[in-house]
Every structure is written in C-alpha cells, then in structure tokens.
Amino acid sequence: MAQTTILRPQEAADLGWLLEQQTPDRITDTHWQTRGVCAQTDPEAYFPDKGDSVKHAQKVCGGCEVRAQCLTWALSTDERYGVWGGHTEAARSRMRKQWKNTVEAGGSDPADGQR
Ligand code: SF4
C-alpha cells in the first residue's frame, strides 16, 4: 500500500497556489533568482543552523514576487537545504511527492525553461 503524506494546511494551500501560478510567462522566466528579495538580505537567514528560527526568512518570502518560481525550482530540483519559496526542507519534502504526481499527471514540468 502506498504511503500517504499529509500536508499541513499552509503547505496544501501553497501547493495549490503554486500550480495555479504556472502561466507561460513565469515558466519561461530564466532570471527569477536575480529578482528574489533574498538577494538583498542576509543569505544566512535562508540557511539557518539547526534549531535557528526560519520565521524571518519565511516572512520575507511571503512578499517576494518570484516565490512561485523559487518554490517550483526547489521542488523540481529536489533542493534539500534552506528556505525556498517560504518553505523549509521538511515542508518541501512533504509537498514534493504530491507536486510531482500532479505535474506528471499533467504531462509537463512547470520548471522547464527555468534552468
Ligand atoms: S521566495 Fe524567498 S528564497 Fe525564494 S527568491 Fe524569494 S525571498 Fe528568496
């Protein structure tokens, strides 16, 4: 029997939001990383030591214009470290399986064109 991952409410909400965000202009955007708010802030906040808070990074991500691209990148490349798109690696691990299943069911990878 397949193991089911239960997403937390914010993870489920953001996963739904992310899939809705994948419009063609976003998919072909190859320069999203230069527009991330984190490029102008302390990068260590996004790669905290074990036990350190990620709340500040998550708050900044919440107002970032490229959050959809960032989260798509992290999910599609299996990024294991840091905060991406407002989610920790533990949250992304829970989201990843459902995201990949949805993308594969649709027959395309929304990260195509971002790499
Ligand atoms: S969503 Fe967060 S981690 Fe991603 S580019 Fe924006 S500020 Fe940086």
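The values are calculated or read from the model by the stated rules, or taken from the named source; none is laboratory data. Because the structure is a prediction, the values reported are computed rather than measured. Positions of Cβ are generated from backbone atoms using ideal geometry, with glycine treated the same way; all protein chains shown enter the neighbour counts.
Couple of notes before you dig in:
- Within region 71-87, considering residues that are assigned to a loop (DSSP other than H, G, I, E, B) and modelled with pLDDT of 90 or more, the one nearest to Val103 (Cα to Cα): Asp78
Listed here are the residues, each with its yes/no results for (1) more than 10 Å from the ligand (Cβ to nearest atom); (2) free of Cβ contacts under 8 Å to residues at least 60 places away in the same chain; (3) in contact with a Leu (Cβ under 6 Å, 6 or more places away or on another chain); (4) among the polar types (S, T, N, Q).
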site: Asp29; (1), (2), (3), (4): yes, no, no, no
site: Val37; (1), (2), (3), (4): no, yes, no, no
site: Lys50; (1), (2), (3), (4): yes, yes, no, no
site: Val66; (1), (2), (3), (4): no, yes, no, no
site: Ala91; (1), (2), (3), (4): yes, no, no, no
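- Extreme residue, surrounded by the fewest Cβ atoms within 10 Å (Cβ to Cβ), among residues of region 88-111 that are of a type in the set (Gly, Ala, Ser) and assigned to a helix (DSSP H, G or I): Ala105
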